[in-house]
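Undergrad: First, the structure itself, so that you have it in front of you.
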Amino acid sequence: MKARTHIALLGVLVIGIGFHAGCKSGPETRPADEVRSAGAEAEGGPERGHLAGVSGAQPGEKVQAFDLNDDKKPDVWAYFGPLEDPANPGQLREGLVRKEWDFNFDGKVDIRRYFNFKEEIVKDEMDLDFDAKFDVATYWQGGTRVRQEYDFNFDGKTDAWKYFEKGQVARIERDRDYNGRVDRWEYFVEGKLDRTGLDEDGDGQIDKWIQQTEEK
């Protein structure tokens, strides 16, 4: 129940990412120099071994931090640095490299988002249970979501993979017993479950197919 509550809460918070993505100094936010975080982050930031901790500026990067709840502590970090144009190797420009959000104001990053040269999202990482470890990773291509990886039992290992085609879920693979091996495959047609494959003897191969029947 606890994990489910956290997931629901973070789902609501994620909706606000689009709104906060372009945060600028204003009535609701305060820039980094007002919360004395910019200097610390620019000099390397906090210790790195904390998976969902603030990453800090890497060499050649600049950071802007914002205080959403006006408690004089940063809650959003935007990192700007050199990005290479894949169509013109060696051609660089400065742009948004990644962005981090602390939604529950506990000093730990809950969502980290990475961007490419075209300012398109390439990857999201989310901490669903606020334990400073990322539990969901979402991968994007050309602004379209293509894959998600979940750690539902919060043991640091992926146990569900969701694949998308043209914006709709096409296949879900699950490791139901958390042994590191897929044992359930769900295939979708036009976003609806079509058939399910089950591995019943643990050899990683499908032993049984279940065809989905439409309810009448």
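The values are calculated or read from the model by the stated rules, or taken from the named source; none is laboratory data. Model, not experiment: these values are computed from the prediction. Here the Cβ positions follow ideal geometry from the backbone for every residue, glycine too, while neighbour counts run over all protein chains shown.
Undergrad: Go through the range 136-172 residue by residue and tally those that are in contact with a Gly (Cβ under 9 Å, 6 or more places away or on another chain) and closer than 22 Å to residue 54 by Cα.
TA: 1
Undergrad: Do the conditions hold for residue 52, that is, is it modelled with pLDDT under 90 and of a type in the set (Gly, Ala, Ser)? It would help to see each step written out before you state the result.
TA: Details: modelled with pLDDT under 90: yes; of a type in the set (Gly, Ala, Ser): yes.
So residue 52 fits the description; yes.
Every residue, every condition in (1) of a type in the set (A, V, I, L, M); (2) more than 23 Å from residue 167 (Cα to Cα), yes or no:
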site	(1), (2)
75	no, yes
111	yes, no
120	no, no
140	no, no
153	no, yes
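Undergrad: Could you tell me whether the range 152-172 includes any residue that is in contact with a strand residue (DSSP E or B) (Cβ under 6 Å, 6 or more places away or on another chain), within 21 Å of residue 120 (Cβ to Cβ) and of a type in the set (Lys, Arg)?
TA: So far as the range 152-172 goes, yes, one or more of its residues are in contact with a strand residue (DSSP E or B) (Cβ under 6 Å, 6 or more places away or on another chain), within 21 Å of residue 120 (Cβ to Cβ) and of a type in the set (Lys, Arg).
Condition check ((1) under 19 Å from residue 147 (Cα atoms); (2) among the hydrophobic types (A, V, I, L, M, F, W, C)) across all residues:
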position	(1), (2)
174	yes, no
182	yes, yes
195	no, no
203	no, no
206	no, yes
211	no, no
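Undergrad: Within the range 99-118, restricting attention to residues that are in contact with a strand residue (DSSP E or B) (Cβ under 8 Å, 6 or more places away or on another chain) and without any contact (Cβ under 8 Å) to a residue 60 or more places away in the chain, which residue is farthest from residue 146 (Cα to Cα)? Can you show your working first?
TA: Applying the first criterion (in contact with a strand residue (DSSP E or B) (Cβ under 8 Å, 6 or more places away or on another chain)) to the range 99-118 yields 99-103, 109-117.
Adding the requirement that they be without any contact (Cβ under 8 Å) to a residue 60 or more places away in the chain leaves 100, 102, 109, 114-117.
Details: 100: 21, 102: 25, 109: 24, 114: 15, 115: 15, 116: 16, 117: 19 Å.
Among residues in the range 99-118 that are in contact with a strand residue (DSSP E or B) (Cβ under 8 Å, 6 or more places away or on another chain) and without any contact (Cβ under 8 Å) to a residue 60 or more places away in the chain, the one farthest from residue 146 (Cα to Cα) is 102.
Undergrad: A further question follows. Taking residue 212 as meeting all but one of (1) modelled with pLDDT under 95; (2) within 23 Å of the chain's Cα centre (by Cα); (3) surrounded by 12 or more Cβ atoms within 10 Å (Cβ to Cβ), write down the number of the exception.
TA: Looking at each condition in turn, residue 212 falls short on (2).
Undergrad: A further question follows. Under 6 Å between Cβ atoms, which residue pairs at least 6 apart in sequence (or on different chains) link something in the range 77-92 that is more than 23 Å from residue 66 (Cβ to Cβ) and without any contact (Cβ under 8 Å) to a residue 60 or more places away in the chain with a partner that is in a strand (DSSP E or B) and of a type outside the set (D, E, K, R)?
TA: The qualifying pairs are 84/92; 92/82.
Undergrad: Related question: For the subset of the range 124-146 comprising residues that are loosely packed, with under 15 Cβ neighbours inside 10 Å and not β-branched (Val, Ile, Thr), which member is farthest from residue 195 (Cα to Cα)? Reasoning before the result, please.
TA: The first filter runs over the range 124-146 and keeps only residues loosely packed, with under 15 Cβ neighbours inside 10 Å, leaving 131, 141-144.
When the remaining residues are screened for being not β-branched (Val, Ile, Thr), the result is 131, 141-143.
Numbers: 131: 35, 141: 27, 142: 29, 143: 28 Å.
Among them, the one singled out is 131.
Undergrad: Against the condition acidic (Asp, Glu), touching a residue at least 12 places away in the same chain (Cβ under 8 Å), part of a strand (DSSP E or B) and touching a Ser or Thr at 6+ places or on another chain (Cβ under 7 Å), how does residue 173 come out, does it pass?
TA: Working: acidic (Asp, Glu): yes; touching a residue at least 12 places away in the same chain (Cβ under 8 Å): yes; part of a strand (DSSP E or B): yes; touching a Ser or Thr at 6+ places or on another chain (Cβ under 7 Å): no.
In short, no.
Undergrad: Within the range 151-180, restricting attention to residues that are hydroxyl-bearing (Ser, Thr, Tyr) and closer than 19 Å to residue 198 by Cβ, which residue is surrounded by the fewest Cβ atoms within 10 Å (Cβ to Cβ)?
TA: 178
Undergrad: Can you pull out the residues in the range 119-145 that are among the basic types (Lys, Arg), touching a strand residue (DSSP E or B) at 6+ places or on another chain (Cβ under 9 Å) and not in a strand (DSSP E or B)?
TA: First, pick out the residues of the range 119-145 that are among the basic types (Lys, Arg): 123, 133, 145.
Applying the additional criterion that residues be touching a strand residue (DSSP E or B) at 6+ places or on another chain (Cβ under 9 Å) yields 123, 145.
None; the set is empty.
Undergrad: For the range 65-104, name all the residues that are among the hydrophobic types (A, V, I, L, M, F, W, C), modelled with pLDDT under 95 and surrounded by 13 or more Cβ atoms within 10 Å (Cβ to Cβ). Spell out the reasoning first.
TA: Just the residues of the range 65-104 that are among the hydrophobic types (A, V, I, L, M, F, W, C), to begin with: 65-66, 68, 76-78, 80, 83, 87, 92, 96-97, 101, 103.
Narrowing further to those that are modelled with pLDDT under 95: 68, 83, 87, 92, 103.
Across the range 65-104, the qualifying residues are 68, 83, 92, 103.
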